1. Hey, in the GNM for chain A with a 10 angstrom Cα cutoff, which one of A:60, A:240, A:248 fluctuates hardest?
2. With contacts defined as alpha carbon pairs under 8 Å and 6 or more residues apart, what's the relative contact order of chain B in percent?
3. How high is the relative contact order of segment B:250-398, given as a whole-number percent (alpha carbon pairs under 8 Å, six or more residues apart)?
4. For each pair in B:62/B:157; B:40/B:107; B:157/B:323, compute the distance between the two Cα atoms and list the pairs where it is over 31 Å.
5. Considering only chain B, what is the antiparallel percent among its DSSP beta bridges, to the nearest 5?
6. With loop defined by DSSP as not H, G, I, E or B, and exposure as at most 13 other Cβ atoms within 10 Å, which is the longest segment of chain A clear of exposed trypsin sites (Lys or Arg not before Pro)?
7. Give me a single rounded figure for A:270-283: the average over its residues of other chain Cβ atoms within 10 Å of their Cβ.
8. Pop the C-beta distance of residue A:36 and residue A:332 into the FRET formula with R0 = 41 Å and round what comes out to the nearest 0.05.
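Each reported figure results from applying straightforward, stated rules to the coordinates on display, with no laboratory input. On a predicted model such as this, the values are computed, not experimentally measured, just so you know. Neighbour counts are summed over all protein chains in view; Cβ atoms, including those assigned to glycine, are modelled from backbone coordinates with ideal geometry.
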Amino acid sequence: MDFSYTEEQQALQDSLRRFLAKEYDFEKRRQISRSAAGYSKEHWRTLAEMGVLGLGIPEAHGGMNGSPVDTMLVMESFGRALVLEPYLPTVVLCGGLVRDAGTEAQQAALLPAIAMGELLMAFAHYEQGSRYALEHVATTAKREGNGYVLNGAKSLVLSGLQAGKLLVSARTAGGARDRAGVSLFLVDREAPGVSAQGYVTQDGGRAAEVKLADVRVGADALLGLEGGALPVIERAVDLAIAALCAEAVGAMDALLETTREYLKTRKQFGTPIGRFQVLQHRMADMLIAIEQARSMAMVAAVKVQSEDAAERRRMVSSAKALVGQSARYVGQQAVQLHGGMGVTDELAAAHLFKRLTVINATFGDADHHLAQVSDSLLVA
Amino acid sequence: MDLNDTPEQSAFRREVRAFLAAQLPPALSHKVQHRLRLGKEDTVLWQRILHQRGWGAPGWPKAFGGTGWSAIEQHIFEEEAADAGAPRQLDFGLRMVAPVIMAFGNKAQQERFLPRILSGEDWWCQGYSEPGAGSDLASLRTRAERKGQHYVVNGQKAWTTLGQHADWIFCLVRTSTEGRPQEGISFLLIDMKSKGITVRPTIMLDGEHEVNETYFDDVEVPVENLVGEENRGWTYAKFLLGHERTGLANVGQWKRLLKRLETVARRETASNGRPLIEDARFRDKVAQVKVELLALEVTLLRVLSAEAKDAKKGLGPVASVLKIKGTEIGQAIFELTMQASGHDALAYLPEALEPGYSGPRVGGEHAAAAAGDYFNMRKLSIFGGSNEIQRNIISQMLLGL
């Protein structure tokens, strides 16, 4: 057992935190959130220069060959600062999918571009009605000549409008909820037949509804095995969940800190309200919830690397369940302890709360993942 | 970062397992696994076996006859011992008074008391709480007046756990009423055979005799039994509480009892005739505890690893996090075990907690202890500094409120 970080990991975290402390305060973040793109291209370049965008990418393709533990450190820092840049869809999800399932040619074409900050990608997978079921894919890909024709609609595609390329899941065989028959395709965002309606999400991020109408792609657009993409998708989503758990821990840390400051300065009845035991105990429970969540974010970062898929999924679900519960508790209580100020748009507390709420419902909420853990007890 | 055992840790784990397989008496582990009543002789027997192997004090440095194990090795030992159904070693001597004697006692005290704790010859109990001094421990009133070469002790201690077996008691006593209440407290070691000590049982809500009231009536205690300096006892007591709370996380025991709960839920039948484990409403509660226990285990390991890096710093207030979460998880496991037993848990059959019981039973074997355990374990969130006091510590020491 070893809970320490390497010198490189610490150096990365330090420089990232310094950068965010300087460039990503609450007001600056608000401006980015309100901009048309929804993220800062300048920051994206800086992150590329720092090596953060190439973290999980093999060295051969211009990356740093980092591990999910490295990603955890990055996401924790992002969580503290409520970073809006589309790291999760481009780097963690799509970068991970191309790295794990792409051909040498696909990797060479895409990974260096991601690492250098030149390419945004989006993972177009969920559909209306699929809820959290990853196997639910109704979008179809029919063979035609040497390639495929894609038809369908994808929902809540993170950075779906901003991305240059999409990774689209589509059925090459089977019914809408079959595990077999799901394939992944690389599709240009601007390809004929692709349309995207972008919108802002509750946390100030960006997503889109993406329609695919007779979108024609070549055989080289297929990523991984035809019909065998689901295990690859599940692993990529587990990596994303591990990353989100770390982000939530960072956000909860920031939320506890800002609430602590508030309790020490806000006075009522002639005394700082942090003197009241009922509020102190609430804060103690929030701290406990965060420490438990931190432990599970580590479990997720380590166990997501497990070769045993069942073990990997059980551990990642355990983490997402507990982190989701903690995020809800800490978020709600932080707002409550801020009183009226907590329900305004003016303080970071409300924005951290909203981000935590979004994280809980992204790739399966606490109840969904607790049910996965619970059902695993039946097989034991 | 790595959550797996290092090769050394994994070799150590194998060594512990082999020892347990060879040396833990089956009759003893049977009692523990089936939650039968444990007597003094059971605890002493296990302590002697461990001592013979040189493992009598997993938490002590080698200089005092301990194992010198790292915090992680101690955790591995506890986890494996708990899993095998070994009884808990007695905390009062090993984990509570011994660290105080090591840190603040003189050489004569160390030589006199530590070997007998290690060998299991002396049974220790704790004299902290009083009827009027619970959470507000510093308000304690048992007094010790210096008369020549003795202190004369008068007063009453409450909740002396297993004091009915004890050879010695470590006590907080008032030696001064000057200044703040914390400033007039001393740490005394008292022979339970001394004239003037009376021990009276306090029967717990499960009907068991576990704790006592201990009365001191002009009890003469030689001055050499004072630990450290007079009126500095509060500092030693706080030091001790930090040691106690790590143990209260109790992760190894909870892991075994959670496994047992899963087994019980597979064996029990729900009202629809199917195995209880198939009832999602119940199963989700088990899953919830399982997830929280995994988190607690990692939290504990994080704390222990940090402690190993900076031993002088000690555990500090983060021990309160472990105490709260550990006791809440333990209580949840016992409550779910009772719930799993359904109304079979309602029969009060204390005789069924003795080995070889052949009288009437209601439900499976686990049902006999289920309600008693549930009732008894409400103590977890009360003793060792109530969970509310722990929250005070967290908010003051960790959050600065």
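1. Ranking A:60, A:240, A:248 by mean-square fluctuation puts A:60 first.
2. Relative CO of chain B lands at 14 percent.
3. Relative CO of segment B:250-398 lands at 25 percent.
4. B:62/B:157
5. Here the share of antiparallel DSSP bridges comes out near 85 percent.
6. In chain A, the maximal stretch lacking such sites is A:180-380.
7. That works out to 3 on average.
8. 0.80
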